[in-house]
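What follows is one structure encoded as structure tokens, with my remarks underneath.
The values are calculated or read from the model by the stated rules, or taken from the named source; none is laboratory data. Quick caveat: nothing in here was measured; it's all calculated off a predicted structure. FYI the Cβ positions are ideal-geometry reconstructions off the backbone, even for glycines, and counts take in every protein chain you see. Surface areas here come from the heavy atoms of the whole protein model, side chains and all, with no ligands, DNA or RNA. Shrake-Rupley method; radii C 1.70, N 1.55, O 1.52, S 1.80 Å.
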Amino acid sequence: MDNDSIKLLRECDSGIRMGVSSIDEIMENVSDKTMKQILEDSRQEHCKLEHEVEEYLEQYKEPKKEPAAMAKAMSWMKTNMKMAIKDSDKTVADLITDGCNMGVKTVHRYLNQYPAAEKKVRGIAEKLAGIEEKLAKDMRVYL
């Protein structure tokens, strides 16, 4: 596997982990059952894609990539500060939408940064962006 493919896979792995972590962190603050189900469904899609990425990385004996500690810390602080000010489904939707938009932007940045990545790997990245776009769209009714 070429270097661009491996780098793109590792960035997808990091992004997926960040998404799952964010959903896990916010889930206890959700009161609307439909919203909770939307988040759980998206979490499961992320986890399914994570397993696919991990299989590729294992196949090529590449390590997994955790999200940057600073990014996780900043996300945690933003989430907890906003939820302390106003603990509501609207706030959750706002936080999730911001995270999804950041995820989509980041995935596309890496797609542009690693143009030689294999078609299958690029497909995984595009699928991740699609999952994030769908979740952001699903959150709109709660904003």
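The rows are residues; the columns are (1) over 15 Å from the mean Cα position of the chain (by Cα); (2) open to solvent by less than 80 Å² (accessible area, probe 1.4 Å); (3) at pLDDT 95 or above.
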{"position": "Lys86", "(1), (2), (3)": "yes, no, no"}
{"position": "Arg109", "(1), (2), (3)": "no, no, yes"}
{"position": "Gln113", "(1), (2), (3)": "yes, no, yes"}
{"position": "Ala116", "(1), (2), (3)": "yes, yes, yes"}
{"position": "Val121", "(1), (2), (3)": "yes, yes, yes"}
{"position": "Lys127", "(1), (2), (3)": "no, no, yes"}
{"position": "Ala136", "(1), (2), (3)": "no, yes, yes"}
{"position": "Val141", "(1), (2), (3)": "yes, no, yes"}
Checking Leu9 against (1) closer than 29 Å to Gly123 by Cα; (2) surrounded by fewer than 19 Cβ atoms within 10 Å (Cβ to Cβ), the condition it does not meet: (2)
Count - residues of region 26-48 that are outside any helix (DSSP H, G or I) and either in contact with a strand residue (DSSP E or B) (Cβ under 7 Å, 6 or more places away or on another chain) or exposed (fewer than 12 other Cβ atoms within 10 Å of the Cβ) (or both): 2
Close pairs from region 39-58: first of a type in the set (Val, Ile, Thr), partner surrounded by 20 or more Cβ atoms within 10 Å (Cβ to Cβ) and part of a helix (DSSP H, G or I), Cβ under 7 Å, at least 6 apart: Val53/Leu9; Val53/Cys12; Val53/Asp13; Val53/Ile16; Val53/Ile124
Unique residue being open to solvent by 40 Å² or more (accessible area, probe 1.4 Å) and either at pLDDT 90 or above or touching a strand residue (DSSP E or B) at 6+ places or on another chain (Cβ under 8 Å) (or both) when the list is Lys72, Lys65, Lys82, Lys90: Lys90
Inter-residue pairs, beta-carbon under 6 Å, first more than 13 Å from Asp4 (Cβ to Cβ) and in region 109-131, second open to solvent by 30 Å² or more (accessible area, probe 1.4 Å) and part of a helix (DSSP H, G or I), 6+ apart: Ile131/Glu45
Number of the exception - Ile131 against (1) touching a Ser or Thr at 6+ places or on another chain (Cβ under 8 Å); (2) open to solvent by 40 Å² or more (accessible area, probe 1.4 Å): (2)
Meets criteria (under 23 Å from Lys137 (Cα atoms) and assigned to a helix (DSSP H, G or I)) for Ile16: yes
Index of the failed condition, Ser21 passing every other in (1) assigned to a helix (DSSP H, G or I); (2) of a type outside the set (A, V, I, L, M); (3) at pLDDT 95 or above; (4) in contact with a helix residue (DSSP H, G or I) (Cβ under 9 Å, 6 or more places away or on another chain): (3)
